[in-house]
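Some notes on the structure that comes next.
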Amino acid sequence: MVPVLCLACSPASSSQLNEPIEQASTADQACLRLEPSRADPVLGEPVLLIVGLENCSSNSLVVRKLLAPEKGLLQIKATAPDGEQLIYRPPLYRDGRGARSVQLAPGETHIDGVAIYYGSEGWFLNRSGRWRFTAQYSSEWGLLSSEPVELWVKEPTSPEQLLTARIFMKDEVARFFYMGGDDQKAAQAIQDSLPESTWRKFADLAVQSNNPDATQFDLEILASLPDAAIAAAVAGDLRDRTVPHSIKQQLLDKSSKGSLVAKWIEQRLPPEF
């Protein structure tokens, strides 16, 4: 659900997808962290992998903001529930030239989110069971690797969950969430199919956030979503910056203090919110 800014987007090409990340010496200046936004999403629900580049040295580090698979330097490897080995390939690639840099003090972390639910071939988390992920980042210090993390995709247990999975796993709907809610046709499909669901209200909010004429937002829906990182991703795109601190705190309360998810929420909803 991380919105993709398509100022320099292009479809994933075969040369980009097949280009290997060169092995380099292990670096101790920076550490790569990985954390799922939820440990147990239901099949068909959007979920993020939060990736963090931490300054593990005793000196300040300057890093470029290239910590996203769309920019070609971060690779996510996955093991599906049936043991199949997969590489996550994003639907779009972005030109990383001109990316801004950020200075990290010792112990600070640069955060980004990976929309692991949707890839170049459609819905990525397309089966229930245990998924295992590792990340590799080709940095200026060499190839950084994360420790493996897991999430468990649950089977739908109610008619509403089953309908949500069927709708959300359609390519046009998955792309709607990936692109940040700017596809009115996909939004209409959600609104028509899920009239009373929490995710329907979330879709409404995503549509509102892309409507230049919208001035009032139903922000209470953010606190009711099961995935705080997904909620923060949409809230961070609201133009009028009126997310109450109480809602931000409710999102933080759903995450562990000091976790990558908590840092992602703080980054998406800075103090001025």
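The values are calculated or read from the model by the stated rules, or taken from the named source; none is laboratory data. Predicted model only: the values in this text are computed from it and were never measured. Every residue, glycine as well, gets a Cβ built from its backbone with ideal geometry; the counts of neighbours run over all protein chains shown.
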Next on the checklist: Going residue by residue through the range 148-170, is there one that turns out to be closer than 19 Å to ILE116 by Cα, in a loop (DSSP other than H, G, I, E, B) and touching a Lys or Arg at 6+ places or on another chain (Cβ under 8 Å)?
Outcome noted: yes
Next on the checklist: Among the numbered criteria (1) within 25 Å of PRO156 (Cα to Cα); (2) part of a strand (DSSP E or B), which one does HIS110 miss?
Outcome noted: (1)
Next on the checklist: Of the residues SER128, SER101, only one is within 17 Å of LEU73 (Cβ to Cβ) and surrounded by fewer than 21 Cβ atoms within 10 Å (Cβ to Cβ); which?
Outcome noted: SER101
Next on the checklist: of a type in the set (Lys, Arg) and modelled with pLDDT of 95 or more: which single residue out of LYS65, LYS71, LYS77 fits that description?
Outcome noted: LYS77
Checklist entry - Is one or more of the residues making up the range 92-99 touching a helix residue (DSSP H, G or I) at 6+ places or on another chain (Cβ under 6 Å) and either assigned to a loop (DSSP other than H, G, I, E, B) or not assigned by TED's automatic domain parsing to the domain that holds GLY44 (or both)? => result yes
Item to check | Residue among PRO226, PRO195 that is in a loop (DSSP other than H, G, I, E, B) and either crowded, with 18+ Cβ neighbours inside 10 Å or modelled with pLDDT under 80 (or both) | outcome: PRO195
Checklist entry - Can you name every residue in the range 100-136 that is among the polar types (S, T, N, Q) and either in the same structural domain as ILE230 (by TED's automatic domain parsing) or farther than 18 Å from LYS263 by Cβ (or both)? => result SER101, SER120, ASN126, SER128, THR134, GLN136
Checklist entry - Restricting the range 229-246 to residues that are under 20 Å from the mean Cα position of the chain (by Cα) and part of a helix (DSSP H, G or I), which is modelled with the highest pLDDT? => result ALA229
Next on the checklist: Just the residues that are outside any loop (DSSP other than H, G, I, E, B) and of a type in the set (Lys, Arg), please, taken from the range 113-130.
Outcome noted: ARG130
Checklist entry - Considering GLU45, GLU84, GLU70, which residue is touching a residue at least 60 places away in the same chain (Cβ under 8 Å), closer than 30 Å to THR157 by Cβ and of a type in the set (D, E, K, R)? => result GLU45
Item to check | Considering residues of the range 131-164 that are more than 20 Å from the chain's Cα centre (by Cα), within 19 Å of PRO46 (Cβ to Cβ) and among the acidic types (Asp, Glu) only, the residue surrounded by the most Cβ atoms within 10 Å (Cβ to Cβ) | outcome: GLU160
